[in-house]
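A.B. asks: Here it is, the structure, as structure tokens.
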Amino acid sequence: MAGPIDDPFLLTASSPAEAGLSASSLHAMEQMLPEWRMKSVVVLRGDRIAWEWHEHGEDRIAPLLSCTKSLMSALIGIAIEEGAIESVEQPIADYFGAEADPSIRIKHLLTMTPGWDWPDFDKPYKAMKKAADPISFVLNSPLTHSPGAAFTYNSGGSHLLSAILTKATGTSALDYASSKLFRPMGFRKAKWSAHRGVNEGGTGLQLYGRDLAKLGLLYLRGGDWFGNRLLPAGWIEKSTKSHHRALIQYTPPIYGSYGFHWWQSPASQNGVSCFFAFGHGGQMLLVAPSEQLTVVVRKHITGRNAAILSRKLIMDYIAPAIFH
């Protein structure tokens, strides 16, 4: 989208107390945000903005990094609902021909279990991005596991999902997202990097913090956007539940188990059951349905494990601020 669009759904603000949050706890947290190199924090309770903070005093468009993957999951769900894509069981060879292993299905890309040799923490990503044909780069990766057997974090599979979406719908992921989600929800602006007409499936999307929060709110509302059904409730349930243990035992506990391009974390891990989108360096969109809580955290990149500060912010300060 080239510029701002009319927003018929400006999020309503309330005081922390009206939202059932401790203002003093949030104020104590605020003192730490510059030290922890945070860019912005947006807290929704139910349908309302209960609290927000921005490094420069105003919300700004910024890269989501791998939070992009969770938006890609939503687009695949919409395309399946509309019949453009058959189902998550559809072989990816239907879209890429003989170059694709016939045993790999769309669900394997969504759960990051296609079986390719893809070293931990996406190490081949830079080589893929530099490749003349990133799609062929991914498809020609050697198969070292049976599809569905092993989790390996893989932005290559995410990029194939974007290519599948474009082949199935005849439009780019950005245009499809603009039509199906961004415009109906009144997003201010979106940017999304692309290669050969295919938007990057695993990263590259830029949004305002409040607009990213709207995506979380859509999931919290079960796919209904104030009377307009944008996402199937069944897809939300399926995509945000755990399909693989993934990195739930990783230390520090930054990650969790994995659904369809959403991370999932049980209450036993951090006191509140939630699912979340996660981007390098600590970019987060977290939804805790039991608490009617949606949180966006955007952070300066200061190292992979420093991303634990974003999760710590939510679990040690925001969640405990809720009155029960």
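The values are calculated or read from the model by the stated rules, or taken from the named source; none is laboratory data. Please read these numbers as outputs of a predicted model, since none were measured by experiment. Note: ideal-geometry Cβ built from the backbone for every residue, glycine included; neighbour counts use all protein chains shown. The area values use the complete protein model at the heavy-atom level, side chains included, leaving out ligands, DNA and RNA. Shrake-Rupley method; radii C 1.70, N 1.55, O 1.52, S 1.80 Å.
A.B. asks: Placing +1 on the Cβ of each Lys and Arg and -1 on the Cβ of each Asp and Glu in the chain, which of 195, 168, 233 has its Cα farthest towards the positive end of the resulting dipole?
C.D. replies: Toward the positive end, the furthest listed residue is 195.
A.B. asks: Could you size up the charge dipole of the stretch 198-324 around its Cα centre, putting +1 on the beta carbon of Lys and Arg and -1 on that of Asp and Glu, and report it in debye to the nearest 20?
C.D. replies: 120 debye
A.B. asks: Give the peptides 271-280, 248-257 in descending order of average Cβ contacts within 10 Å, highest first.
C.D. replies: On the way: 271-280: 21.7, 248-257: 16.1.
By packing density, highest mean first, the sequence is 271-280, 248-257.
A.B. asks: Would you mind putting 104-110, 92-98 in packing order, based on average other-beta-carbon counts within 10 Å, highest first?
C.D. replies: Descending mean neighbour count gives 104-110, 92-98.
A.B. asks: Rounded to the nearest 5, what % of DSSP beta bridges with both residues in the chain are antiparallel?
C.D. replies: Around 95 percent antiparallel, to the nearest 5.
A.B. asks: With every protein chain present, what accessible area does residue 118 have (1.4 Å probe, heavy atoms only), rounded to the nearest 10 Å²?
C.D. replies: 10 Å²
A.B. asks: Cα centroid distance between the stretch 162-212 and the stretch 93-124, in Å?
C.D. replies: 21 Å
A.B. asks: Now for a different question. I want the local charge near residue 18. Using Cβ-Cβ distances under 11 Å, sum +1 for each Lys or Arg and -1 for each Asp or Glu among the other residues. It would help to have the intermediate numbers written out before the result.
C.D. replies: On the way: positive: 45, 48; negative: none.
Around residue 18, the surrounding residues sum to +2.
A.B. asks: What FRET efficiency do you get for residue 302 and residue 228 if R0 is 30 Å and r is their Cβ-Cβ distance, rounded to the nearest 0.05?
C.D. replies: 0.15
A.B. asks: A further question follows. Counting only protein heavy atoms, what percent of the accessible surface of the chain is carbon or sulfur at a 1.4 Å probe?
C.D. replies: 50 percent
A.B. asks: Name the lysines eligible as straight-distance cross-link partners of residue 107: C-alpha to C-alpha under 19 Å, and not fewer than 8 places from it in the same chain.
C.D. replies: 69, 167, 238, 241
A.B. asks: Right, something else. Roughly how tilted is helix 155-169, in degrees to the nearest 10 and between 0 and 90, from the longest Cα axis of the chain?
C.D. replies: 80 degrees
A.B. asks: Related question: At a probe radius of 1.4 Å, what is the per-residue accessible area of residue 123, in Å² to the nearest 10?
C.D. replies: 150 Å²
A.B. asks: Oh, and also: If I build a Gaussian network model for the chain, linking alpha-carbon pairs within less than 10 angstrom, which residue out of 185, 128, 284 has the largest mean-square fluctuation?
C.D. replies: 128
A.B. asks: Could you state how much accessible area residue 243 has, in square angstrom rounded to the nearest 10, with a 1.4 Å probe and all protein chains kept in place?
C.D. replies: 80 Å²
A.B. asks: Also: Taking every pair of distinct Cα atoms and averaging 1/r, then inverting, what Kirkwood hydrodynamic radius in Å comes out for the chain?
C.D. replies: Values: mean 1/r = 0.0505 Å⁻¹.
Evaluated on the chain, it is 19.8 Å.
A.B. asks: How much accessible area per residue does the stretch 51-102 have, counting only protein heavy atoms and a probe of 1.4 Å, in square angstrom?
C.D. replies: So the stretch 51-102 comes to 41 Å² accessible per residue, rounded to a whole number.
A.B. asks: Amide H neighbours of residue 92 under 5 Å, at least 5 residues apart or on other chains, H built in the peptide plane: list them.
C.D. replies: It is 104, 105, 106, by chain and number.
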